[in-house]
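Student: The following block contains the structure, expressed as structure tokens.
The values are calculated or read from the model by the stated rules, or taken from the named source; none is laboratory data. Computed from a prediction, not measured in an experiment: that's the story for all the values here. For neighbour counting, all protein chains shown are included, and Cβ atoms are generated from backbone atoms with ideal geometry for every residue, glycine included. The protein model used for the area step is the full one, side chains on, heavy atoms only, and it has no ligands, DNA or RNA in it. Shrake-Rupley method; radii C 1.70, N 1.55, O 1.52, S 1.80 Å.
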Amino acid sequence: MAPVLAPWQAGQEVACCLYLGALVGALRAVGPRRGRAAFFPDLALVGMLLLFLQSYAAGYSAAGNLRWYMVAAGFLGALAAHSLLAPVTSRVWRMVLWPGWAMARLIGRRALAPAIGALRARRAARAAKTAAEKQKKTLPNQEHLLYNSSV
């Protein structure tokens, strides 16, 4: 049976697990926030949080094993850190990446748009040519049914 902890020991463990959760939540705040791109970072960081909590419980905890309040504290710490830092990091990413996106849009408008337009025109000309050729080749292709006399 697991030992019963004093309230101050349980509080110390909760504080340590909150700290570990906050570390993982801060790391998670750097990645994408929603959509398909957020699935694998979420999955990896939940695994990392559980690994950190289990390592803490096995090595430094007074109880010696992982308890429910440690997991709850870890997830609350991760949620708090992520909800505080995610808006800030998304603004920073936008400010850092904005010049690159602006340059890519400019290059796309100036250099790639004429080339893409020429490719589309070429494709449309080929489609029109094949449509004109198909109209010429539409001949009736009906085979006559022959009587089978061996029946």
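Student: How do the pairs read when you match residues in segment 28-43 that are touching a residue at least 24 places away in the same chain (Cβ under 8 Å) with residues anywhere that are open to solvent by 100 Å² or more (accessible area, probe 1.4 Å) and part of a helix (DSSP H, G or I), using Cβ under 9 Å and keeping only pairs 6 or more apart or on different chains?
Tutor: Taking only residues 6 or more apart or on different chains, the pairs are Ala29/Leu84; Val30/Trp93.
Student: Quick one: which residue in Leu27, Leu66, Leu76, Leu50 is open to solvent by 50 Å² or more (accessible area, probe 1.4 Å), of a type outside the set (D, E, K, R) and modelled with pLDDT under 80?
Tutor: Result of the check over Leu27, Leu66, Leu76, Leu50: Leu66.
Student: Within segment 76-89, can one find any residue that is hydroxyl-bearing (Ser, Thr, Tyr), in contact (Cβ under 8 Å) with a residue 12 or more places away in the chain and under 30 Å from Val4 (Cα atoms)?
Tutor: No, every residue in segment 76-89 fails to be hydroxyl-bearing (Ser, Thr, Tyr), in contact (Cβ under 8 Å) with a residue 12 or more places away in the chain and under 30 Å from Val4 (Cα atoms).
Student: Against the conditions (1) open to solvent by less than 70 Å² (accessible area, probe 1.4 Å); (2) in a helix (DSSP H, G or I); (3) under 30 Å from Phe52 (Cα atoms), where does Val88 fall short? Just the number, please.
Tutor: That leaves (1) as the condition not met.
Student: Can you confirm whether Ala115 is without any contact (Cβ under 8 Å) to a residue 40 or more places away in the chain and either within 17 Å of Asp42 (Cβ to Cβ) or open to solvent by less than 80 Å² (accessible area, probe 1.4 Å) (or both)?
Tutor: yes
Student: Looking only at residues in segment 1-24 that are aliphatic (A, V, I, L, M) and assigned to a helix (DSSP H, G or I), which one is least open to solvent (accessible area, probe 1.4 Å)?
Tutor: Ranking the qualifying residues of segment 1-24, first place goes to Val24.
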